[in-house]
Amino acid sequence: MTAPSSSGSPGRATPLLAQIWAVIALPLISILLALLVGAFVILASQLVLPGGNLDLLLPLTAYAALFQGAFGNFDALVDTLISTTPLVLGGLSVGLAFKAGLFNIGAQGQFLLGALGAVAAGVALAGAPPLVAITVALAAGILAGAFWGFIPGLLKAVSGAHEVVVTIMLNYIAIAVIAAVVGGPLRQQGRPEAITPDVGNAALPVIIGNDGHAGIALAIVAVAVVAFLLFRTTLGFEIRIVGANPDAARYAGMRPRALTILTMSIAGALAGLAGAVVVLGVTHLMTPSFGTTVGFDSIAVALLGRTNPVGIVAAAFLFGALRAGASLMQIKAGIPVELIDVLQATILLFLVANPVLRRAFRLRGVKAGLETTETITKTYAGEVAPR
Amino acid sequence: MDGLINALYSIPVAGVLFQLAGYLVNVVPDISPLILQAATPIALAALCGVMCERAGVVNIGIEGIMITAAFVGWYSGVLLVPVLGTTAIGPFGMSLALVVALGVALASGVVISALHAWLSISVRADQIISGTIINIAAFGLTGYLNNLIAKTSPNGAGAFTQFRPPREVTDIPVIGWILNMFLNQGPIAMSVIVLVVIFQILLFRSRWGLRSRAVGEHPRAAETVGIDVIRVRYRNVLIGGVFAALGGAYLSMEATNSFQQGMTTGRGFIGLAAMIVGRWSPVGAFGAALLFSSSTALGNSIKFSPPSGDLGTILTSLPDQVYDALPYLVTIVILAGVVGRSIPPAADGQAYEREAAT
């Protein structure tokens, strides 16, 4: 760790390096510490469980398999990119809401609804020309997700119901909606199990390797669009001001209520696009138990990526790699994939406890990048957003 | 009388409403114990919320505390049964293993709460982010361990059994079914009403309650009159952890006798909604929890023994998933309807920083 020499103010000898260090120091330390905690969990769980003998090298075996599964060869790398794609979109969704002082825990439900919308349109247009089928299916996914984000936005703006509780409830309702629709109207005839037909021509074309679908490119476009929206448009400016200081925004003539609804809808659209990309690019059909970890991973991505579009891509790549490598880790080392959730929570824990880390590692001048989350708790529980 | 009822039932459109009312009158006394059972984890989660937020700490990690306690209680039972055996030592099918396991589950809730307290009170992190971290960690860790353990599928210490009130009590006209609701229960569900009443009295009538509320409304003023804000907040969050853990333990040690991954299914968050609807008072939160759980119990009742007539035709034509989603829908609708008029403690969610000594 070269911290002491370069942690000074950015104006010193190596301003660029110092600036980069200031941005990545805390995430990097958090990730390394989380891997240590993960190793401890692997070791400790051997002791707690009956009949387990202590294998001191198991954490290394597990992490080696994890790395191999994520980057071991070209196919593994493509798998990592495929897992990264929905996380980029989900991370943008949660990150955009954070910018406006809103906490979108509902990315999970918006993802599911987006996937459902895309599969419904895709099945209906399975025989249409690919360009039409894909465009309409993606649009259906975006709209379905946007609708699922619009509901908590509207309720917050009109009645003050906090989006955290409402979006969590909507996540559970989304599960029921999918089970009902896939088991009912969308069910493929003549199959014993409930499953939708294939999306046919609405499937995204493969652009890299064996199954690297076009959604990967779509995610990159989305990053550029969201970055442009946030930093180059009036709407983006207003979103950031409302998030940073709702009172100032109101005095400046902005309308926090309308912005709340709009931001949640856009966030829902992004998460819905993530769901659409997964069904159209990876699964091509849907079962009633269609589930995902994308929604909650996205929260971690947005926080680790400092709610900044570029940071979100890096964070999504990290968690995409963890998700892609997890199955090989489970096969080779017998470590359940839930270890990834533990790692994720631990990374966030260290990130949030950054004042402690800064003291422990004597870091000066480095940023935590969590400032944008500060207004979330302020609007908690029933404060009606000002007009 | 029957003629009048039949006449009301046969009115077009409005008749369905009368049929619904008739169905409710018929079925609610029968399912009343189920209503309290469904309300128990929600009410305990809501009590945790009231305990924390009255002192100014937002806790959305309740769900995580519950799933942790559910797992720890069940798995402690698995480990303790070979040592302590399963001989009953008291009412409710209590065995030593079961009671000790419950104690361990409650302790685990306090430990998780301590993490939230430290992050939100001492580190002064965003309290909602802190709660989210606790949820992700708790679901990850319990899922991870459960996957490792599921290979051996061990037997736990069983579950607390229900008390069966004598027929003479439950057959009392008019109030019999209410007594049945509170008595035809296991120890945790039965204790909820006691906890609610004690908590309500202490919160509004004791020195501790006054101090807690002062810290949640105006911490600076509380500090000025000599109340240790940090200490009160820590204490309340830790006690809140006991409530949430009891709600979690209920799921794996009384409602069922095993642990399933993700078995809390949002009850911690429904508890938070109950707290808001109940205006941050224990009795109000308990009432809201009963309201929410009625929808669950009623949904199940419709699923398994639908009413007859037009109403039954309408209700059975809906997909089953409508009833699965019912508690969540009811929560959103009631929350959106009531929340603007329900005012949180003024310092809720705001970290407190002592003024410099000099």
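The values are calculated or read from the model by the stated rules, or taken from the named source; none is laboratory data. None of these values were measured; they are calculated from a predicted model. Neighbour counts run over all protein chains shown; Cβ positions are idealised from the backbone, glycine included.
Suppose we filter region A:70-97 for residues that are crowded, with 24+ Cβ neighbours inside 10 Å and more than 22 Å from residue A:214 (Cβ to Cβ); how many remain?
Here the count works out to 4.
Just a yes or no: is a residue in region B:156-173 surrounded by 14 or more Cβ atoms within 10 Å (Cβ to Cβ), hydroxyl-bearing (Ser, Thr, Tyr) and within 25 Å of residue A:294 (Cβ to Cβ)?
No: region B:156-173 contains no residue that is surrounded by 14 or more Cβ atoms within 10 Å (Cβ to Cβ), hydroxyl-bearing (Ser, Thr, Tyr) and within 25 Å of residue A:294 (Cβ to Cβ).
Could you please give the count of residues in region A:182-201 that are within 9 Å of chain B (Cβ to nearest Cβ) and either within 20 Å of residue A:139 (Cβ to Cβ) or in a loop (DSSP other than H, G, I, E, B) (or both)?
Quick first cut of region A:182-201, residues within 9 Å of chain B (Cβ to nearest Cβ) only: A:183-184.
Restricting the remaining residues to those that are either within 20 Å of residue A:139 (Cβ to Cβ) or in a loop (DSSP other than H, G, I, E, B) (or both) gives A:184.
Qualifying residue count, region A:182-201: 1.
One residue is enough: does region A:128-135 have a residue meeting the conditions farther than 17 Å from residue A:107 by Cα, surrounded by fewer than 21 Cβ atoms within 10 Å (Cβ to Cβ) and within 14 Å of another protein chain (Cβ to nearest Cβ)? Lay out the reasoning, then the answer.
Step one: of region A:128-135, the residues farther than 17 Å from residue A:107 by Cα are A:128-135.
The next check asks that each one be surrounded by fewer than 21 Cβ atoms within 10 Å (Cβ to Cβ); those that pass are A:128-132, A:135.
Narrowing further to those that are within 14 Å of another protein chain (Cβ to nearest Cβ): none.
Checking region A:128-135: not a single residue is farther than 17 Å from residue A:107 by Cα, surrounded by fewer than 21 Cβ atoms within 10 Å (Cβ to Cβ) and within 14 Å of another protein chain (Cβ to nearest Cβ).
Inspect all residues belonging to region B:90-101 and state whether any of them is within 12 Å of another protein chain (Cβ to nearest Cβ) and β-branched (Val, Ile, Thr). Walk me through how you get there before you give the answer.
The initial filter retains those residues of region B:90-101 that are within 12 Å of another protein chain (Cβ to nearest Cβ), namely none.
No, that holds for no residue.
Please return the ranges of helices (runs of 4 or more DSSP H) entirely within region B:1-108 where 3 or more residues are among the hydrophobic types (A, V, I, L, M, F, W, C) and buried (at least 24 other Cβ atoms within 10 Å of the Cβ). Walk me through how you get there before you give the answer.
Values: elements: B:2-9, B:14-54, B:62-84.
Counting at least 3 such residues, we get B:14-54, B:62-84.
Would you please name the residue that is nearest to residue B:44 (Cα to Cα), looking only at residues in region B:285-320 that are within 14 Å of chain A (Cβ to nearest Cβ) and without any contact (Cβ under 8 Å) to a residue 60 or more places away in the chain?
Filtering region B:285-320 for residues that are within 14 Å of chain A (Cβ to nearest Cβ) and without any contact (Cβ under 8 Å) to a residue 60 or more places away in the chain, the one nearest to residue B:44 (Cα to Cα) comes out as B:295.
Here are some conditions: (1) more than 11 Å from chain B (Cβ to nearest Cβ); (2) surrounded by fewer than 24 Cβ atoms within 10 Å (Cβ to Cβ). Residue A:279 meets all but one. Which one does it not meet?
Among (1) more than 11 Å from chain B (Cβ to nearest Cβ); (2) surrounded by fewer than 24 Cβ atoms within 10 Å (Cβ to Cβ), the lone unmet condition for residue A:279 is (2).
Out of B:220, B:235, I need the residue that is more than 15 Å from the chain's Cα centre (by Cα), basic (Lys, Arg) and at pLDDT 95 or above. Which one? Before you say what the answer is, go through the steps one by one.
Working: B:220 fails: at pLDDT 95 or above.
Of the residues listed, the single one that is more than 15 Å from the chain's Cα centre (by Cα), basic (Lys, Arg) and at pLDDT 95 or above is B:235.
Only one residue in A:204, A:218 is closer than 30 Å to residue A:75 by Cβ, in contact with a helix residue (DSSP H, G or I) (Cβ under 8 Å, 6 or more places away or on another chain), modelled with pLDDT of 90 or more and part of a loop (DSSP other than H, G, I, E, B). Which one? Can you show your working first?
On the way: A:218 fails: part of a loop (DSSP other than H, G, I, E, B).
That would be A:204, the only listed residue that is closer than 30 Å to residue A:75 by Cβ, in contact with a helix residue (DSSP H, G or I) (Cβ under 8 Å, 6 or more places away or on another chain), modelled with pLDDT of 90 or more and part of a loop (DSSP other than H, G, I, E, B).
If you go through region B:121-133 one residue at a time, how many are within 8 Å of chain A (Cβ to nearest Cβ) and part of a helix (DSSP H, G or I)?
Going through region B:121-133 one residue at a time, the tally reaches 6.
Residue under question is residue A:242, and the condition is that it be farther than 23 Å from residue A:296 by Cβ, surrounded by fewer than 19 Cβ atoms within 10 Å (Cβ to Cβ) and either aliphatic (A, V, I, L, M) or touching a strand residue (DSSP E or B) at 6+ places or on another chain (Cβ under 8 Å) (or both); does it hold?
Working: farther than 23 Å from residue A:296 by Cβ: yes; surrounded by fewer than 19 Cβ atoms within 10 Å (Cβ to Cβ): no; either aliphatic (A, V, I, L, M) or touching a strand residue (DSSP E or B) at 6+ places or on another chain (Cβ under 8 Å) (or both): yes.
Criteria not met by residue A:242.
Inspect all residues belonging to region B:112-120 and state whether any of them is more than 15 Å from residue B:349 (Cβ to Cβ), more than 9 Å from chain A (Cβ to nearest Cβ) and not small (Gly, Ala, Ser).
Looking for residues that are more than 15 Å from residue B:349 (Cβ to Cβ), more than 9 Å from chain A (Cβ to nearest Cβ) and not small (Gly, Ala, Ser), one finds at least one in region B:112-120, hence yes.
Name the pairs: first residue in region A:235-263 and over 22 Å from residue A:150 (Cβ atoms), second residue of a type in the set (Ser, Thr, Tyr) and assigned to a helix (DSSP H, G or I), Cβ to Cβ under 9 Å, at least 6 apart or on different chains?
Once the first residue is over 22 Å from residue A:150 (Cβ atoms) and sits in region A:235-263, its partners that are of a type in the set (Ser, Thr, Tyr) and assigned to a helix (DSSP H, G or I) give A:244/A:372.
Could you tell me how many of the residues in region B:125-147 are hydrophobic (A, V, I, L, M, F, W, C) and surrounded by fewer than 19 Cβ atoms within 10 Å (Cβ to Cβ)? Give the steps one after another, and end with the answer.
Keep residues of region B:125-147 that are hydrophobic (A, V, I, L, M, F, W, C), which gives B:125, B:128-129, B:133-134, B:136-139, B:141, B:145.
This time we only want the ones that are surrounded by fewer than 19 Cβ atoms within 10 Å (Cβ to Cβ), so: none.
So the answer is 0.
Can you find a residue that is over 14 Å from residue B:45 (Cβ atoms), part of a helix (DSSP H, G or I), at pLDDT 90 or above and among the β-branched types (Val, Ile, Thr) anywhere in region B:258-270?
At the first step, the residues of region B:258-270 found to be over 14 Å from residue B:45 (Cβ atoms) are B:258-262.
After this cut, where a residue has to be part of a helix (DSSP H, G or I) as well, the list is none.
For region B:258-270, residues over 14 Å from residue B:45 (Cβ atoms), part of a helix (DSSP H, G or I), at pLDDT 90 or above and among the β-branched types (Val, Ile, Thr): absent.
Is one or more of the residues making up region A:338-361 surrounded by fewer than 22 Cβ atoms within 10 Å (Cβ to Cβ), away from every other protein chain (no Cβ under 13 Å) and in contact (Cβ under 8 Å) with a residue 12 or more places away in the chain?
Scanning region A:338-361, I find at least one residue that is surrounded by fewer than 22 Cβ atoms within 10 Å (Cβ to Cβ), away from every other protein chain (no Cβ under 13 Å) and in contact (Cβ under 8 Å) with a residue 12 or more places away in the chain, so the answer is yes.
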